[in-house]
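**Q** For reference, the structure I am asking about is given below.
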Amino acid sequence: MRGVLKHRADIDGLRAVAVLPVVAYHAGLSQTPGGFVGVDVFFVISGYLITGIVAEELARSSSTGGPSLSLAGFYERRIRRIFPALFGMLALTAVAVSILLTPAEVIDYAWTMLAAVFSSSNVLFWLDTNYFEQAAHQKPLLHTWSLSVEEQFYLFMPIGLLLLWRWQPSKAVANEVGGEGRVPLRVKLVILAVAIVSFLWSWWGSQHQPPASFYLLHTRAWELALGALLAVGAIPALRARWARELTAAIGLIAIGASVLLLTAEAPFPGVAALAPCLGTAALLHAGSAGPTLVGRLLSLKPMQFFGLISYSLYLWHWPVIVLQRASFFLGENLDSKIEKALMIALSVLFAWLSYKLIEQPFRGRSWLSPGGRWLDRRQMYAAGAIGAATLSAVSALLILSGGFPARMSAQANQTAAFLTQSPLLTMKDPTCMAGIGLRDRVDAEKCLTPLNGKKNVLLLGDSHAAHLWSGLAAVIPEANLMQATAGGCRPTWPSNSKDVICNQLLRDIYERRLESMPPELVILAARWEPSDVGALEKTLVKFRQLGIPVVVLGPVPRYDQLLPRLLIASEQRSDSALPQRHRMGLVPIANSRLAKETADKDVPYISLYDALCTTNVCQTRTPTGAPLQYDGGHLTVQGSAYVGGLVQPHLKAILSTSRSNQR
């Protein structure tokens, strides 16, 4: 356990290595596509430091009697470290949210704030956030999921170690004060077992249950346990200088390569998280045995600065980014590079203020109680309880007030209500969308059962196919419209997706169902990109070989912000062109390429983009006034019905020429 308790400048620098890629990734810097792995670096550091502190206390106490641990003292230190800065961020963000966001978003913020206060954000986002929900990335507290994972670790780990130590009288022997004790072998073996089981679960879950695997403690525990193994001395020390230097260099390269090469499309965590986690462990282990060149680089003043403010920077960067993008008071007309620089600069400013005004005073016990004494343990617990109760009351106020709707016009409130419309409403059944919650496959009985007496039509694709089901089903009642969809799954074959769930779905459709139970028509729809045209060409050849009629539905217009929010801002600013400035330019390019490719293959193509857009303007509302989309791309129920009406004549004509159901 040498090197765990003493202050190490290289660990402060390693915190900078963790937080800076996260900030860059969230700010939208294309140079750091894997910046999200900074969270995994934090997990390994936390497992190392916190386990080391607890194990050191248990080892020392074992030499003077039975192993003991001051849980009250441990949790007091965690309260001082975590909650003052967190509560400060939550309170100030609540004020900003109440001014800048819509009532529906204010209510959503209140629930997420309540979850953050009680260390359950990760569970809430697992239950509430869908793979294809763009709005998830506009929740100001989305980043608190990782804090909840760590807090849950802090809750269970000390108790678990204490029970393990007491399970059998420990023979750990401590030297003089400041020396180190020996950790029982059973402790190391249990931590190793936890790491192995958790990693295997994470590996499997990243492919079959992605949301749960990403957010929950049991599939992240191996990352914390990796640091814990180092802290309890399970890995032999690196005595030779060359071994330390090589290990540290490899560790830094592994983290850097992950930041630069990984993308959000890779199944994560699991195998993809090994490189950044093992790299972090290598840096921690090399630095514990002596100085290294990498350690000296991490100890440079700029790295130390960002390392010291890393916790506050992590807390503040995401609310700053989300609220700045949502406000339309800053950045709407700025160059994107200037906007990103502004978001990063504001995040650093708020982090520095938080570190100076909140973190340091509370950690250094310099906040005075009313009696003029330093806040003692009892008072610190009381202050934490009061803070939690106050924020809970604020959450209740925001929810019961309806998000303060009086600050907006009646039309704006009606538009804002669509932000909370469930995407499941446009589907045949929630089980027809693989990848939601714990489902890794489509329910064939509910979603893919052919019916006699009707023309069986299969809607195949991603969430941008799923949002069409209700509208299409309404306008072709003579058809049995089946659905096979998965998040982010282009309906092309052979599949080039990295997602196991998508590949599993497409393999089932193309290699089994299309041959054994061919439908009268297949509708391919997706969030098409220009790069999908090559894969679509091969797919259309496959359908010609199978002899199954197919029609391709093009993409709908997409926006870089939530469309209802754009419409509200447009009204507030009397700027009708505002939504059009936020249209994404790749959609018309994809539309034209898809049209050409399908024409070359003599396959019907229905351009949703052309149906909704002229050269300069796209429809943003249905004739009844409802927003076409509830986020930046997915159709509302009303939007799906409207689009269904637009394509009805084309589908009717195609169905009339398809073969009749002979089954």
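**Q** Could you list 299, 347 so that the one with the fewest beta carbons within 10 Å of its beta carbon is first and the one with the most is last? Each step should come with its number before you reach the end.
**A** Details: 299 18, 347 26.
Final ranking by Cβ density, sparse to dense: 299, 347.
**Q** Now for a separate question. With no solvent and one equal point scatterer placed on each C-alpha of region 9-400, evaluate the Debye formula and give log10 I(q)/I(0) for q = 0.07, 0.12 Å⁻¹, two decimals.
**A** Listed by q, the Debye log ratios stand at -0.32, -1.00.
**Q** Given the DSSP H assignment, sum -39500 (n - 2.57) over each helix run of at least 4 residues in the chain and divide by its residue total; what's the result at 222 nm in deg cm²/dmol, nearest 500?
**A** -18000 deg cm²/dmol
**Q** What is the dipole size for region 230-333, taken about its Cα centre, with +1 at each Lys and Arg Cβ and -1 at each Asp and Glu Cβ, in debye to the nearest 20?
**A** Rounded to the nearest 20 debye, it is 440 debye.
**Q** Counting only DSSP beta bridges with both residues in the chain, what percent are antiparallel, rounded to the nearest 5? Walk me through the numbers on the way to the answer.
**A** Values: 5 of 25 bridges.
DSSP beta bridges in the chain are roughly 20 percent antiparallel.
**Q** Then there is this: Between residue 615 and residue 511, what is the label-point separation in nm under the 7 Å Cα-to-beta-carbon projection?
**A** 4.9 nm
**Q** Can you give the angle from 0 to 90° between the axis of helix 274-289 and the longest principal axis of the chain, with both taken from C-alpha atoms, to the nearest 10?
**A** Orientation of helix 274-289: about 10 degrees from the principal axis.
**Q** Mind checking which aspartates and glutamates have their Cα closer than 14 Å to the Cα of residue 454? Skip sequence neighbours fewer than 8 apart in that chain.
**A** Answer for residue 454, where 14 Å is the Cα cut-off: 478, 520, listed by chain and number.
**Q** Can you tell me the 0 to 90 degree angle between the C-alpha axis of helix 586-600 and the longest principal axis of the chain, rounded to 10?
**A** Roughly 40 degrees, rounded to the nearest 10.
**Q** Is there a quick way to get the dipole size of the chain? I mean about its Cα centre, with the Cβ of Lys and Arg at +1 and of Asp and Glu at -1; what is the value in debye to the nearest 20?
**A** It works out to roughly 1320 debye.
**Q** Around residue 459, which amide H atoms from residues at least 5 apart in sequence, or from another chain, sit under 5 Å from its own amide H, with H modelled in the peptide plane?
**A** Result for residue 459 returns 482, 483, 484, 523.
**Q** Rounded to the nearest Å, what's the spacing between the alpha carbon centres of region 233-303 and region 446-515? Just the number, please.
**A** Taking the Cα centre of each part, region 233-303 and region 446-515 sit 44 Å apart.
**Q** So what is the relative contact order of the chain, in percent, for Cα pairs below 8 Å that sit 6 or more residues apart? Walk me through the numbers on the way to the answer.
**A** Details: 1139 pairs, mean separation 105.9, N = 663.
Over the chain, the number comes to 16 percent.
**Q** Let me ask something else. Order these by the 10 Å Cβ neighbour count, fewest first: 614, 449, 219.
**A** Going from sparsest to densest Cβ surroundings: 614, 449, 219.
**Q** Next question, about the same structure. Determine ³J(HN,Hα), in whole Hz, for all residues of region 618-624 in sequence, where each value follows from phi through the Karplus function 6.51 cos²θ - 1.76 cosθ + 1.60 and θ = phi - 60°; x replaces Gly and Pro.
**A** Calculated HN-Hα couplings, in order: 10, 4, 10, 10, 6, x, 8 Hz.
**Q** How big, on average over all directions, is the shadow cast by the Cα convex hull of region 535-663, in nm²?
**A** 9.4 nm²
**Q** Got a sec? How would 318, 493, 352, 167 order by Cβ neighbour count within 10 Å, fewest to most?
**A** Neighbour counts put them in this order, fewest first: 167, 352, 493, 318.
**Q** Then there's this: For each pair in 542/596; 455/601; 538/601; 139/356; 455/652; 538/596, compute the distance between the two Cα atoms and list the pairs where it is over 20 Å.
**A** 455/601; 139/356
**Q** The list [x] 27.6, 89; [y] 28.4, 97; [z] 24.6, 81 gives values of Rg and Dmax of the Cα atoms in Å, and only one came from this structure; which label was calculated from it?
**A** Here the calculated entry is [x].
**Q** Translational diffusion coefficient, Stokes-Einstein: compute it for region 418-657 using the Kirkwood radius over C-alpha pairs as Rh, at 4 °C and 1.567 mPa s, and state it as an integer in µm² s⁻¹.
**A** Reported coefficient: 72 µm²/s.
**Q** Let me ask something else. By how many degrees, between 0 and 90 and to the nearest 10, does the Cα long axis of helix 377-400 differ from the longest principal axis of the chain?
**A** The two axes meet at around 10 degrees.
**Q** Beta carbons within 10 angstrom, averaged per residue: use that to sort the peptides 479-490, 145-156, 268-279, 576-587, highest first. Walk me through the numbers before you get to the answer.
**A** On the way: 479-490: 25.4, 145-156: 20.5, 268-279: 22.5, 576-587: 16.1.
Per-residue Cβ counts within 10 Å, averaged per peptide and sorted highest first, yield 479-490, 268-279, 145-156, 576-587.
No value in this document is a laboratory result; all are computed from the given coordinates. Because the structure is predicted, anything quoted here is derived from the model rather than measured. Cβ atoms come from the backbone with ideal geometry, glycine included; neighbour counts cover every protein chain shown.
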